[in-house]
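Notes follow once the structure below has been shown.
The values are calculated or read from the model by the stated rules, or taken from the named source; none is laboratory data. These numbers were taken from a predicted model, which means no experiment stands behind them. With ideal geometry, Cβ positions are generated from the backbone for all residues, glycine too; neighbour counts draw on all protein chains shown.
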Ligand code: ASP
């Protein structure tokens, strides 16, 4: 295996080399003796909060790390950062004030997946999802069972609610209804809109091996027990080592309805570029959107973004309305504008 890989990398040649005797008649041509795959361009693409992660992950794969390990280390930066209130520690809680985390991952070369849903008190659900992938016969663990599984591997139980996430939650609870017993936040004081966020991370190395990870605290103030698209393999992220990887951030329920991670990879399999594949998936989302989620102008009232990379190392992203994403430019992570279906809402 290492020999085969290093020879492939060394040759770095595109296309198939057919070792057929040139004097043989066509009908007796020997089967290809050696098929050389193109060397891939190492590449990573993610939601905008993955800028720091891309730099770390690309350094790791260039030093020989596996793509899944690199992707998990990349998203852990956000999971451990209390300032990122969409992911891991410091993530915004559910309507009871409890932080419940979702994550999933796929490893292209071994065709394996792992996921956790509604995981409480563990800062890095992506690393727990990777353990499900590596050490179990299952794909998804949820709730209390997922927590016990994490603790069995030495993860520490911790309070994930930071003072600033608690304050946002308390303000939301105070203003939730006009007739309840919670006094409203005084007029003029800042109230946040319902914030959204997640990190999706897709990466291919120079050998063409691909992995993807998505991790989130999910929709702020969600109904306890709700899991979104992020831990759903085929929705929040998906990898096929022959084709590429894709994943999403934004309204999870709308993504689940089209299996968006999987669908985007399938569009790439049909020959679409990563950006076109993301746009095609968004069009399918719109086609599946019920009227109650449409604005008066007939466009969806929610945000959703897809990110994709193919085996050659081409990457792209597209969203309902213009936003930014993070991508490796050959030297370092940069922010770029996504393609989009509709102009920014007025
Ligand atoms: N996709 C996440 C979820 O639905 C939320 C987000 O990305 O904003 O849980």
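Points worth noting:
- Among (1) modelled with pLDDT under 95; (2) surrounded by 15 or more Cβ atoms within 10 Å (Cβ to Cβ); (3) part of a loop (DSSP other than H, G, I, E, B); (4) away from the ligand (no atom under 16 Å from the Cβ) - the single one residue 32 does not satisfy: (2)
- Of all residues in the stretch 66-87 being modelled with pLDDT under 95 and in contact with a strand residue (DSSP E or B) (Cβ under 9 Å, 6 or more places away or on another chain), the one that is surrounded by the fewest Cβ atoms within 10 Å (Cβ to Cβ): 84
- Verdict on residue 193 being surrounded by fewer than 19 Cβ atoms within 10 Å (Cβ to Cβ) and either within 16 Å of the ligand (Cβ to nearest atom) or under 16 Å from residue 88 (Cα atoms) (or both): yes
- Filtered by the rule that a residue be within 11 Å of the ligand (Cβ to nearest atom) and over 19 Å from residue 140 (Cα atoms), the stretch 223-267 gives 249, 250, 251, 254.
- Residue count, the stretch 93-120 (criterion: within 14 Å of residue 165 (Cβ to Cβ) and either modelled with pLDDT under 95 or under 17 Å from the mean Cα position of the chain (by Cα) (or both)): 1
- Pairs with Cβ under 7 Å, 6+ apart, first in the stretch 130-158 and under 20 Å from residue 213 (Cα atoms), second exposed (fewer than 12 other Cβ atoms within 10 Å of the Cβ): 131/153
- Residue, farthest from the chain's Cα centre (by Cα), within the stretch 286-313, restricted to residues that are buried (at least 24 other Cβ atoms within 10 Å of the Cβ) and within 14 Å of the ligand (Cβ to nearest atom): 304
- In the stretch 171-190 there is no residue that is surrounded by fewer than 19 Cβ atoms within 10 Å (Cβ to Cβ), in contact (Cβ under 8 Å) with a residue 40 or more places away in the chain and within 12 Å of the ligand (Cβ to nearest atom).
- Residue 317 vs. criteria modelled with pLDDT of 95 or more and buried (at least 22 other Cβ atoms within 10 Å of the Cβ): yes
- Within the stretch 252-264, the set of residues being crowded, with 22+ Cβ neighbours inside 10 Å and either under 13 Å from the mean Cα position of the chain (by Cα) or over 14 Å from residue 284 (Cβ atoms) (or both) comprises 252, 255, 260, 261, 264.
- Residue match in the stretch 202-219 (condition: at positive phi, touching a helix residue (DSSP H, G or I) at 6+ places or on another chain (Cβ under 8 Å) and surrounded by 18 or more Cβ atoms within 10 Å (Cβ to Cβ)): yes
- Among the residues listed as 215, 239, 196, the single one being under 21 Å from residue 174 (Cα atoms) and in contact with a strand residue (DSSP E or B) (Cβ under 7 Å, 6 or more places away or on another chain): 196
- Residue satisfying condition, being modelled with pLDDT of 85 or more, more than 16 Å from the ligand (Cβ to nearest atom), surrounded by fewer than 20 Cβ atoms within 10 Å (Cβ to Cβ) and closer than 16 Å to residue 209 by Cβ, within set 63, 37: 63
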